[in-house]
Amino acid sequence: MFPEIARDDIFRLETPRLWLRWPRAADQGSICRLAGDPEVALRTARIPHPYEAYHAESFILSARAENASGAGLTLALTQKRQADEAIGVIGVHGANARGTGMIGFWLGRPYWGRGLMSEAAGAFIDMVFGMTGLERIVSSALPSNAASLRVHEKLGFTRAGQGKFPAPARGGEVDVELFDLRRGAIPTSFGAKRPKLQAT
């Protein structure tokens, strides 16, 4: 799905305030700390709680393997002034060459309320449609996660009803709001500047 440029761990995506890059082994501590915050974990269906160091290690290894295969792309969010510290994650998964990808994202609680996830997700989605043949990006959010619902609306997702999402860490399934974004439904660029792609 993703071309060679994204399959190298030196790939980076730049936004006005952020670098989005491959997750690294050195991110284990910050990912464990931030994803382990109950206020973060319990606003998602996928993050286990409690979140232990081995969860972060396994996540990083699987994300890097998927990135290298081109079957998906998961990037860690970092602030430009602290590029070595991951503050969140965004990724798209489960797609074929011209199909549907599922996006997921989370941001550490100290960084909420600044519009950082909207900034990151806008550039990331623009890059996904620009680099792949995906026709749709789908997503889900817990009905109680008001911030995630707002991000989806800002980015042009349309509501596609309600559904169930597997959440083993929550004891089974959870109710979610479903979202859909189709190629061509919105402008291909989310801002005045297209995202910068780097693999140097």
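Of the residues screened, E153 is one that is more than 25 Å from H49 (Cα to Cα) and either without any contact (Cβ under 8 Å) to a residue 12 or more places away in the chain or open to solvent by 20 Å² or more (accessible area, probe 1.4 Å) (or both). Which of the numbered conditions does N145 fail, given that it passes all the others? Conditions: (1) under 15 Å from the mean Cα position of the chain (by Cα); (2) over 18 Å from L20 (Cβ atoms). In the conditions (1) under 15 Å from the mean Cα position of the chain (by Cα); (2) over 18 Å from L20 (Cβ atoms), N145 misses (1) alone. Just a yes or no: is a residue in the stretch 42-62 free of Cβ contacts under 8 Å to residues at least 12 places away in the same chain, assigned to a loop (DSSP other than H, G, I, E, B), within 28 Å of D175 (Cβ to Cβ) and of a type in the set (A, V, I, L, M)? Yes, the stretch 42-62 has at least one match. When the stretch 106-144 is filtered for residues that are among the polar types (S, T, N, Q) and open to solvent by 20 Å² or more (accessible area, probe 1.4 Å), the ones remaining, listed by number, are S118, S140, S144. Residues that are more than 19 Å from E135 (Cβ to Cβ) and modelled with pLDDT under 95 were ranked within the stretch 70-98; the one that is surrounded by the fewest Cβ atoms within 10 Å (Cβ to Cβ) is R81.
I'd like to check something: does the stretch 99-107 contain any residue that is more than 15 Å from the chain's Cα centre (by Cα) and modelled with pLDDT of 95 or more? So far as the stretch 99-107 goes, no, none of its residues is more than 15 Å from the chain's Cα centre (by Cα) and modelled with pLDDT of 95 or more.
Among residues of the stretch 156-184 that are under 29 Å from M127 (Cβ atoms), those with a beta-carbon under 9 Å from a residue that is of a type in the set (K, R) and assigned to a loop (DSSP other than H, G, I, E, B) at least six positions away or on a different chain give the pairs F165/R46; P166/R46; A167/R46. Among the residues of the stretch 63-80, those that are outside any strand (DSSP E or B), in contact with a Lys or Arg (Cβ under 9 Å, 6 or more places away or on another chain) and more than 14 Å from Q28 (Cβ to Cβ) comprise N67, A68, S69, G70, K80. R194: surrounded by 15 or more Cβ atoms within 10 Å (Cβ to Cβ) and at pLDDT below 90, yes or no? No: the conditions fail for R194. For P38, only one of the following conditions fails: (1) crowded, with 19+ Cβ neighbours inside 10 Å; (2) more than 13 Å from the chain's Cα centre (by Cα). What is its number? So the condition that P38 fails would be (1). The condition of being out of contact with any His (no Cβ under 7 Å at 6 or more places or on another chain) and crowded, with 17+ Cβ neighbours inside 10 Å holds for only one of P50, P23, that being P23.
The values are calculated or read from the model by the stated rules, or taken from the named source; none is laboratory data. Everything numeric in this text was worked out from a predicted model, so none of it was measured. Every residue, glycine among them, receives a Cβ derived from its backbone with ideal geometry; neighbour counts consider all protein chains shown. When the accessible area is computed, the model is the full protein with side chains, heavy atoms only, and any ligands, DNA or RNA have been set aside. Shrake-Rupley method; radii C 1.70, N 1.55, O 1.52, S 1.80 Å.
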